[in-house]
Structure formats: C-alpha cells, structure tokens
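Notes to accompany the following structure.
What follows is calculated from the coordinates using simple rules that are stated; it is not laboratory data. These numbers come from a predicted model, not from an experiment. A quick note on method: Cβ atoms are made from the backbone with ideal geometry, for glycine too, and the neighbour counts reach across all protein chains shown.
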Ligand code: C2E
Ligand code: MG
Ligand code: MG
Ligand code: MG
C-alpha cells in the first residue's frame, strides 16, 4: 500500500513496531506463566513513627522471582502487567496475599497497618470495593489496618466511578492514601476531588532534602498542607538519619526508606521487625 518511494521507511517502521509487539507478547505470556507457577512474591518495607522509631506499618511491594533472571523489580514488569489481561488476577493476588500476611501478624499480637498499591485495572473493573470487602472477610484482617495506595494515573480514567468506589471502600473502614504525591500534573486538584486519608511524599523530593532548598520547600509545604487538610503524611525514600531528623523538625510524623529498612521477604521482615513472629502462630 505504501508508495514505492517511501516503502523503505514504512518497512522499517513496521519492523520496529512488530519487534516491540513481539517483545511485549513474549513478556505477557511469561507473566501469565509466572502467575501460574507462583513466581510472584510480596516484599515488605517497614514504615516508622519518626519521633521514636516505632514500627507502625509495612508497604507490600511485588517482586518476580524469575527462575533464570533472579529477582525482578516491579518497574520492569508492572507497566506490562497493568495493560494486559492478567492485571486483575495479579492485583487480586497482591491484595489477598498482603491482607493474609497482615492478618497473621495481627493474630500473633502485632497490629500493623499494611499498605497495598492499587493497579489501574482494579478501579476500571468497577467492583474494587467488593474485592476489598471479600479480601478482608476471607483473611480476617481489620479493615482499619488496610491502607490502599493510589497514584494519579489510576485516577485519570473515570473520576466519577473512582469517587464512588473510594466512598464505598472508606465506608468499610479502609484508608486511602495518595502515593507519589507531587509527581503528577493534578495532585492538588485530586486532593480536592477525592476523599483521601493521607499523602505519601514522593521520594524524588525527599532524596535531596538536605542539599536542595527547593525540595525542602516542597516537602515542608506538603507537610503543612496535609496538616491543614487533616491528612496523615508519610515521607518515602529516607536514606539517612540526617534526612529523618530534618523531616521531624519539619513536622513530618511518619517515614519509610532504606535507612529504616529495604523491602524484604516476609520471613526476614518478621525476624527483624516483629516482636511476636507470625511463624509462631498455631495453624
Ligand atoms: P511506590 O509504591 O512508590 O513504592 C516505593 C518504591 O520506592 C519501592 O520501589 C521501594 O523499594 C522504593 N524505595 C523505598 N525506600 C527507598 C529509599 O530509601 N530510596 C530509594 N531510592 N528507593 C526507595 P519498588 O519496590 O521497586 O516499586 C516500584 C513501584 O512499583 C512502586 O512505587 C509501585 O508504584 C509499583 N508497585 C510495587 N509493588 C506493586 C504492587 O504490588 N502492585 C502495584 N499495582 N504496583 C506495585
Ligand atoms: Mg506505594
Ligand atoms: Mg510511593
Ligand atoms: Mg514513589
């Protein structure tokens, strides 16, 4: 169909698209297989009360334990997962697995908040609130222990249905927090539109806090904003003591980052952070 003179260009273009599509399809197929083979795993990263260093919660972060490639980070496969048919299945697994783990900790005597990252498909399918209710019922986790993390790109799709879903979720007693706050285009307008319970200050503002006055100003204003709006606030990406101290002086109460602990397998998290290991639980 292409004109003879432009043919070369077209062929090249189509070739590169085909290659991209093939790579994507391969990865999609691999991911479906990985789900079947239970190669996904949740890591847990501690969340800390900055003033006294007390553990208050954990964020569940997905990893892919690839038989040959080893541990694969979500940045390498979640973008494909999120736009492929297996998205809902993986998202359900994440929710259920994180709730089950936190419920086990709760039964072992340690009530912690558990943060779960939502996927776009969960809001698009329209029945997220009932999935959440079911996950809570099946695992026995207290609704108030669950904190769902939403990013701006998730909210973009259908604001009205997202709002309805959020209200239903909050009616269950579950908390909703705005993840990567400040990195999107419409963070402030979303704060006004959606009934959020808290903010997570993105690590891109926290990492340079001590050396970059602009970052310090943004973080400090975000902490002030969250207080005036009655929202909880947690800083992500705290990598050293000095940054934690600076955040305390700015009035930030909670933090998360490599300084307190990297995301780690559940068993390691339990050994390091739990006073009463869930492993001791009578099955
Ligand atoms: P996020 O939700 O903002 O998660 C925080 C990311 O920051 C994690 O990367 C964590 O390892 C990293 N991080 C934590 N503390 C520090 C620090 O002190 N310094 C630095 N440089 N990084 C730190 P990770 O685990 O690679 O996850 C990346 C993103 O992938 C997450 O960002 C989240 O958007 C997405 N993701 C992870 N797990 C899931 C999941 O189960 N479901 C969905 N839908 N998305 C997930
Ligand atoms: Mg998150
Ligand atoms: Mg985040
Ligand atoms: Mg982030």
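Using r as the Cβ-Cβ distance of residue 227 and residue 30, and R0 as 45 Å, what FRET efficiency do you calculate, to the nearest 0.05? Please report the intermediate quantities before stating the final value.
Details: r = 45 Å, r/R0 = 1.01.
Efficiency, rounded to the nearest 0.05: 0.50.
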* **Rg [Å, one decimal], Dmax [Å, integer] - segment 186-283, C-alpha atoms** => 16.2, 52
* Diffusion coefficient, µm² s⁻¹, Stokes-Einstein with Kirkwood Rh over alpha-carbon pairs of segment 50-103 at 4 °C and 1.567 mPa s -> 98
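Give me 179, 215 sorted ascending by neighbouring Cβ count inside 10 Å, so fewest comes first. Let's see the in-between values first.
Details: 179 22, 215 16.
Listed from fewest to most nearby Cβ atoms, that is 215, 179.
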* To do: Would you mind checking segment 43-60 for residues with the amide N under 17 Å from a putative spin-label position 7 Å along Cα→C-beta of residue 271?
  => 43-46
* To do: Multiply the residue separation of residue 242 and residue 18 by 0.36 nm, subtract the distance between their alpha-carbon atoms, and state the gained length in nm to one decimal.
  => 75.7 nm
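Write down the Å³ per residue value for the convex hull defined by the alpha carbon atoms of segment 218-260. Don't jump to the answer; show the numbers that get you there.
Working: hull volume 2.4 nm³, N = 43.
Taking only Cα atoms, segment 218-260 has a hull volume of 57 Å³ per residue.
Return 190, 258 ranked ascending by Cβ neighbour count within 10 Å, so the fewest neighbours appear first.
Ascending Cβ contact count within 10 Å gives the list 258, 190.
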* To do: Taking only the C-alpha atoms, wrap a convex hull around segment 166-236 and report its volume per residue in Å³ as a whole number.
  => 79
* Asked: Given the convex hull of the Cα atoms of the chain, what is a quarter of its surface area in nm²?
  -> 18.8
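By its C-alpha gyration tensor, with a ≥ b ≥ c as the square roots of the eigenvalues, how is segment 56-142 shaped: rounded for a/c under 1.5, else prolate for a/b larger than b/c, else oblate? Present the calculation step by step, with values, prior to reporting the outcome.
Details: a/c = 2.39, a/b = 1.30, b/c = 1.84.
It comes out oblate by the Cα gyration axes.
Provide 31, 25, 156, 176 in ascending order of the number of other Cβ atoms located within 10 Å of each residue's Cβ, fewest first.
Details: 31 23, 25 12, 156 15, 176 20.
With the fewest neighbours first, 31, 25, 156, 176 line up as 25, 156, 176, 31.
Taking every DSSP beta bridge with both residues inside the chain, roughly what % is antiparallel (nearest 5)?
Details: 17 of 38 bridges.
Roughly 45 percent of the beta bridges in the chain run antiparallel, per DSSP.
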* Asked: Modelled label-to-label distance, residue 138 and residue 262, 7 Å Cα→beta-carbon offset: nm?
  -> 3.1
* Structure fact -> Here the relative contact order (percent) of segment 1-132, from C-alpha pairs under 8 Å and at least 6 apart, is 21
* Asked: Starting at 0 and stepping by 5 Å, how many percent of the alpha carbon pairs of segment 16-83 end up in each bin?
  -> 4, 14, 20, 19, 12, 10, 8, 6, 4, 2, 1
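What's the long-distance tail for segment 44-197, i.e. % of Cα pairs beyond 22 Å? Display every interim value, and only then the final one.
Working: 5003 of 11781 pairs.
Value for segment 44-197: 42 percent of Cα pairs lie more than 22 Å apart.
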* Rounded to whole Å and ordered largest first, report the semi-axes of the equivalent ellipsoid of segment 158-201 derived from its Cα gyration tensor (root of 5λ). => 18, 13, 7
* Distance between segment 229-249 and segment 96-119 - C-alpha centres, whole angstrom -> 23
* For residue 124 and residue 250, FRET efficiency with R0 = 51 Å and r from the beta-carbon atoms, rounded to 0.05? -> 0.90
* If segment 1-132 were replaced by its equivalent ellipsoid, with semi-axes equal to the square roots of 5 times the Cα gyration tensor eigenvalues, what would those be, largest first, whole Å? -> 40, 16, 15
